[in-house]
Amino acid sequence: RDLLTCDEYTGLDLEPGPGVDVVADCRDWAPDQPADLVVAAEVLEHAPDPAGIVKTCISYLAPGGLLVLSCAGPGRAPHSGHDGAPWLKEGEHYANIAPDDLEDWLAELDDVTVTYAAGPRDVYAVGTKGNSDRVAPEQASNFPNRFVTDKVTTHGYLPTYLRLASQIGTAGRICEIG
């Protein structure tokens with residue numbers, strides 16, 4: 001929350017914790033207004049239905065809105081989505097995300113770019129919803145109303161969050177999805 005300046009910030013997660021304002025599955029919740037920016041970092045690999053999470057993120061976007069994702073890619077060792085431990089809790093889901101799958105799930109967006117970073121074994125993606133006036137991350141100051149991000153700061157993925165935040169900038173409203 002301290003990394004971005006905003007008028008309103010709502011944290012959404014499956015579990016209560018620091019920065020969580022709403023405890024809910026993002027597929028069962030909707031923001032009161034469409035988002036100009038949705039950021040989901042290090043969530044998809046922990047979801048039994050990652051395609052459903054991506055579809056939900058896309059549904060949150062306003063026309064012309066930007067979606068930015070990062071997730072564990074092929075070869076990344078499993079880790080807990082609850083506390084980042086290098087082992088999974090009983091019943092916890094984990095599956096690395098293939099770049100081609102993520103690209104398929106983003107098919108309804110425009111200007112989609114999916115990149116695999118072999119060093120950290122991360123997959124990064126960005127795309128816009130409709131609107132031919134695509135806003136690049138470095139032009140994020142054009143986003144007037146709302147950001148949507150995931151709970152990356154509560155899971156210890158601060159370096160990823162800082163990289164994304166530095167690309168995105170700041171805006172009026174933030175909603176964090178976990």
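For segment 64-106, just the Cα set please: Rg and Dmax, both in angstrom.
Gyration radius and largest Cα-Cα distance of segment 64-106: 12.8, 40 Å.
Report Rg(Cα)/(2.2 N^0.38 Å) for segment 18-104, keeping two decimals.
That works out to 1.14 for segment 18-104.
Ranked by accessible surface with a 1.4 Å probe, highest first, in what order do ASP49, ASP13, ASP25, ASP83 come?
Per-residue accessible area, sorted high to low, gives ASP83, ASP49, ASP25, ASP13.
Could you pull out the trypsin sites (Lys or Arg not before Pro) across segment 1-95 that fall in loop regions by DSSP (anything but H, G, I, E, B) with no more than 14 other Cβ atoms inside 10 Å?
Within segment 1-95, the qualifying trypsin sites (Lys or Arg not before Pro) (loop, at most 14 other Cβ atoms within 10 Å) are ARG1, LYS89.
With every protein chain in place, what's the accessible area of LEU14 (1.4 Å probe, Å², nearest 10)?
110 Å²
Need the full-extension length gain, HIS93 to LYS55, defined as separation in residues times 0.36 nm minus the C-alpha distance. One decimal, nm. Don't jump to the answer; show the numbers that get you there.
Numbers: separation 38, 0.36 × 38 = 13.68 nm, distance 1.89 nm.
Gain on stretching HIS93 to LYS55: 11.8 nm.
For TYR116, what accessible area in Å² do you get when you roll a 1.4 Å probe over the heavy atoms of the protein chains, rounding to the nearest 10?
The value for TYR116 is about 90 Å².
So for segment 33-77, considering every pair of alpha-carbon atoms, how many percent are separated by more than 15 Å?
Counting every Cα pair in segment 33-77, those more than 15 Å apart make up 44 percent.
The values are calculated or read from the model by the stated rules, or taken from the named source; none is laboratory data. No experiment lies behind these values; they were computed from the predicted model shown. All Cβ positions, even for glycine, are placed from backbone atoms using ideal geometry, and neighbour counts span all protein chains on display. These area figures cover heavy atoms from the full protein model, side chains too; ligands, DNA and RNA do not enter into them. Shrake-Rupley method; radii C 1.70, N 1.55, O 1.52, S 1.80 Å.
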